[in-house]
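Structure first, commentary second.
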Amino acid sequence: MSDGTSGSIPVRQPHSDPNKVRVLVAHDWPTYAQALELLLTEVGSEVEVVGRASCHASALDLAVQTLPDVLLIDLHLSREDCLDLLDELREIVPRARSILLADHIDDRLVVKALQKGAGACLDRAIAAPDLVATIQLVAAGHSVFPNTIVARLAWTAEQRMEAKLLALSLTERESQLLELVSRGMETHHIATQLFLSEATVKKHCSHLYLKLGVHNRVQAAVYAVKTGLVKHAESPSEATEA
């Protein structure tokens, strides 16, 4: 049922089933968006589509209305400002995660999207069960990195050894943080797991980034993957948690 806002179609009320992952689908082709909703409903009993958006503005509007756990965003949805959309979504629904879908995954775009908080970037042809599995992982605070991204980030053996030596200088707390950050966990999830306040986690992370010579959580995660301190996730059917 439409709420009268162009491009905005709330499908169900927010929090209608607390046991399901609430998903907002954002795609500028309504037929495809509806088909995706039906597919997710049929394949994933743990997933509930709470709305469909067909443009940047309606995605923001519906995100506030439906409070989704995960936003499934197609890169054809105003591709030029897709990254800006991720920034805005993080401001208005900070606890929601985003997954990007595309016919062809541009590695540089994917890295930028991950830097802006996207939980995953997937080929639109991904199998439905894998898509549902990824949605669940992202909703739980993890990130799924495409294999092509990690392949392009390969280091030389010498660089990897230098990084491992630096890693040995990390404190036990810093090592814990690096592992959790590398899994794609958000600050509030890390705080809960380590029994710390979010402010304390942010402070520790700032010290960790300074020691590693990185500027943000994505760069820290890449560092950990490159050095072999953690393993990346290739796909939900393989090793899913990054």
The lone condition S169 fails out of (1) small (G, A, S); (2) surrounded by 13 or more Cβ atoms within 10 Å (Cβ to Cβ); (3) modelled with pLDDT of 75 or more is (2)
Given the structure, is I73 exposed (fewer than 15 other Cβ atoms within 10 Å of the Cβ) and at pLDDT 85 or above? no
Residue count, the range 224-233, condition at pLDDT below 75, in a helix (DSSP H, G or I) and under 18 Å from V144 (Cβ atoms), comes to 2
Within the range 127-145, is even one residue modelled with pLDDT under 70 and surrounded by 14 or more Cβ atoms within 10 Å (Cβ to Cβ)? yes
Test for L85: is it at pLDDT 90 or above and not in a loop (DSSP other than H, G, I, E, B): no
Residues within the range 195-219 that are among the aliphatic types (A, V, I, L, M), at pLDDT 85 or above and under 21 Å from the mean Cα position of the chain (by Cα), tallied: 1
Residue under question is I99, and the condition is that it be aliphatic (A, V, I, L, M), at pLDDT below 85, in the same structural domain as A26 (by TED's automatic domain parsing) and not in a helix (DSSP H, G or I); does it hold? no
When the range 25-45 is examined, which residues are found to be in contact with a strand residue (DSSP E or B) (Cβ under 6 Å, 6 or more places away or on another chain) and either small (G, A, S) or modelled with pLDDT under 80 (or both)? A26, A33
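The values are calculated or read from the model by the stated rules, or taken from the named source; none is laboratory data. All values derive from a computational prediction rather than experimental measurement. FYI the Cβ positions are ideal-geometry reconstructions off the backbone, even for glycines, and counts take in every protein chain you see.
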